[in-house]
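Rule-based calculations on the coordinates, nothing more; no lab input. Keep in mind that this is a model prediction, so the values were computed, not measured. Here Cβ is always computed from backbone atoms with ideal geometry, including for glycine, and neighbour counts include all displayed protein chains.
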Number of protein chains: 2
Amino acid sequence: MRLNELQKNIELKKTYLCLGLDTDIEKVPPHLNKYSDSVFEFNKSLIDRLHNKIIAVKINTAFYEANGTEGWSSLTKTVDYINHNYPDLFTIADAKRADIGNTSSMYAKAFFEKLNFDSITISPYMGKDSVNQFLKYENKYVILLALTSNEGSHDFQIPNDLYLNVIAKSQDWEESNKLMYVVGATKDDYFEKIRALIPESFLLIPGVGSQGGDINKVVKNLTKTSKNILINVSRAIIYASNSKEYLDEAEKSVDYINSQIDFK
Amino acid sequence: MRLNELQKNIELKKTYLCLGLDTDIEKVPPHLNKYSDSVFEFNKSLIDRLHNKIIAVKINTAFYEANGTEGWSSLTKTVDYINHNYPDLFTIADAKRADIGNTSSMYAKAFFEKLNFDSITISPYMGKDSVNQFLKYENKYVILLALTSNEGSHDFQIPNDLYLNVIAKSQDWEESNKLMYVVGATKDDYFEKIRALIPESFLLIPGVGSQGGDINKVVKNLTKTSKNILINVSRAIIYASNSKEYLDEAEKSVDYINSQIDFK
């Protein structure tokens with residue numbers, strides 16, 4: 001997807017909401033167990049119901065890998081289903097990969113060719129030559145971990161302002177126009193410093209909902225310079241209920257979140 | 001595998017060599033294409049031939065993910081084959097994962113339960129709570145990225161001694177006796193500082209062979225305080241030849257590498 005399409009879709013749908021499919025096979029509503037691939041059926045039903053009210057879908061690879069080869073198949077079917085039916089949804093492989101160059105080129109092949117994701121989350125620890133293999137692709141994006149939502153961000157990201165160094169240095173790399181950044185919703189004390197460095201870059205923001213981030217602060221403080229943000233919510237939507245009415249409950253949750261987003 | 005078993009195997013086999021299965025389906029000897037899963041057949045034949053001369057097998061997940069669901073199946077069959085036939089081989093999922101706690105617990109399930117690997121490589125960027133889900137498992141190990149072999153290690157790992165902070169801080173975590181570290185063979189200038197901090201920890205050392213690391217310096221400088229090292233070689237062994245004699249050539253390569261290891 002081109003960046004201007006994503007921006008246009010945000011304006012059309014008037015939301016920044018990204019649906020996080022952290023689909024745990026053990027939490028799928030029991031009445032779906034009759035299907036041979038209950039994870040895919042669950043994902044498909046959520047996307048069918050919610051696609052008009054969300055801007056992006058983030059698929060968390062861990063939850064699929066935990067089911068082995070069958071899980072990888074559910075993952076493949078889900079992204080194929082989105083690409084085929086809802087090409088206006090921006091797709092994110094939340095995979096947090098990166099390795100030396102020849103290995104990263106294989107990960108890029110896995111997620112941008114074999115699976116046709118629009119973007120992938122990448123850990124910056126191994127530096128430029130672990131990231132640039134992903135940046136060679138047209139209309140594909142790298143979402144670099146900057147400041148994550150979890151407690152462990154205080155171990156290495158915040159000391160010596162590593163998260164700011166990651167942002168500043170990566171902005172000097174070739175094709176840095178294809179870089180987006182993960183910034184946790186729980187890290188509102190740092191929003192201003194981040195937007196000062198990258199006023200226009202897209203930010204993927206996890207940590208709203210179950211992790212306690214405040215959606216009002218996110219929207220107020222991160223959209224001053226541009227509307228380029230994606231707010232991810234996973235558990236609060238997909239596990240809103242595990243009854244037969246799970247889609248109604250998921251939609252109510254989406255409606256509530258969208259009502260909290262002060263879209264101007 | 002228990003650590004003392006791994007140490008005993010090193011003494012018995014008199015080698016530190018880890019076979020890296022970075023198996024690119026396009027580089028498998030063409031005569032193996034008759035098999036429905038040429039990647040697995042290639043891996044199996046290499047392990048059958050070399051198991052007595054190596055201590056560990058490292059499977060690089062990127063190369064399997066690039067083949068989609070079929071690739072994940074090849075990966076699964078390979079680790080199952082090793083566990084069933086050669087339980088004396090220490091297995092490493094070179095996956096470089098890590099995420100927030102509930103996601104990391106899914107990765108741990110994927111690699112330690114669904115796939116029964118002995119260990120997994122992990123990126124430290126997200127800190128303690130992204131790692132400790134893996135450390136809960138008995139006789140399973142986390143191999144934390146410290147100082148990698150690639151050029152990009154100069155971007156974030158070396159400035160402000162981040163690699164040393166990663167080592168020092170992680171040593172204070174619970175169950176840190178299950179931590180090993182990745183140290184690139186190309187980083188011999190830093191070996192002394194690293195061993196001063198962790199004289200007894202196992203180190204996984206990539207970067208010998210195609211990447212130019214000097215195996216003599218590795219052995220000489222990293223085994224002064226303990227024999228706890230694993231030297232990974234991938235391409236120089238598995239792609240020694242793609243003719244029908246590829247196993248003979250792979251074995252010659254292994255014999256040459258082992259002859260270079262001054263095992264005392």
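Based on Cβ point charges of +1 for Lys and Arg and -1 for Asp and Glu, what charge dipole magnitude is obtained for the protein assembly as shown about its Cα centre, in debye rounded to the nearest 20?
Working: 62 positive and 70 negative charges, 51 e Å.
Around 240 debye, computed over the protein assembly as shown.
Close amide H partners of A:L144, meaning residues 5 or more places away or on another chain with modelled amide H under 5 Å apart, are A:I122, A:M180, A:Y181, A:V182. When the C-alpha to C-alpha distance is required to be over 24 Å, the pairs from A:K77/B:K114; A:K77/B:K140; A:K58/A:K140; A:K217/B:K136; A:K27/A:K252 that qualify are A:K77/B:K140; A:K217/B:K136.
Relative to the other identical copies, B:D172 shows label-point distances of 3.1 nm, where the label point lies 7 Å from Cα along the Cβ direction and values run shortest first. Remark: B:S74, A:S36 ranked as A:S36, B:S74, counting other beta-carbon atoms within 10 Å and listing the fewest first.
Once the chain from A:F263 to A:S210 is taken as fully extended at 0.36 nm per residue, the excess over their C-alpha distance is 16.9 nm.
Would you work out if segment A:112-214 is rounded, prolate or oblate? Take a ≥ b ≥ c from the square roots of the eigenvalues of the alpha-carbon gyration tensor; rounded if a/c is under 1.5, else prolate when a/b is larger than b/c, oblate otherwise.
On the way: a/c = 1.80, a/b = 1.43, b/c = 1.26.
Cα axes put segment A:112-214 in the prolate bin.
Sorted fewest first by neighbouring Cβ atoms within 10 angstrom, B:D24, B:D262 come out as B:D262, B:D24.
Working note: Karplus 6.51/-1.76/1.60 with θ = phi - 60° gives segment A:233-244 the couplings 10, 10, 4, 5, 9, 6, 10, 4, 7, 10, 7, 5 Hz, where Gly and Pro are set to x.
The mean sequence distance of close C-alpha pairs (under 8 Å, at least 6 residues apart), as a share of the length of segment A:3-260, puts its relative contact order at 19 percent.
Sorted from closest to farthest, the other copies place their A:K220 label points 6.3 nm away, with each point set 7 Å from Cα along Cα→Cβ.
Proximity of backbone amide H atoms, modeled 1.01 Å from N, is registered between B:G20 and B:K58, B:V233, B:S234 at under 5 Å, excluding neighbours fewer than 5 places apart on the same chain.
Label-to-label distance, B:H154 versus B:K34, with points set 7 angstrom from Cα along the beta-carbon direction: 5.0 nm. GNM remark for chain B: springs join alpha carbons under 10 Å apart, and the peak mean-square fluctuation among B:E245, B:E65, B:E151 falls on B:E151. For B:Y81, the label point sits 7 Å beyond Cα toward Cβ; its separations from the matching points on the remaining copies run 3.4 nm, from shortest to longest. Going by neighbour counts of Cβ atoms within 10 Å, the residues B:K264, B:K136, B:K58 line up, fewest first, as B:K264, B:K136, B:K58.
For A:S149, nonlocal amide neighbours, meaning residues 5 or more places apart or on other chains whose placed amide H falls under 5 Å from its own, are A:G184.
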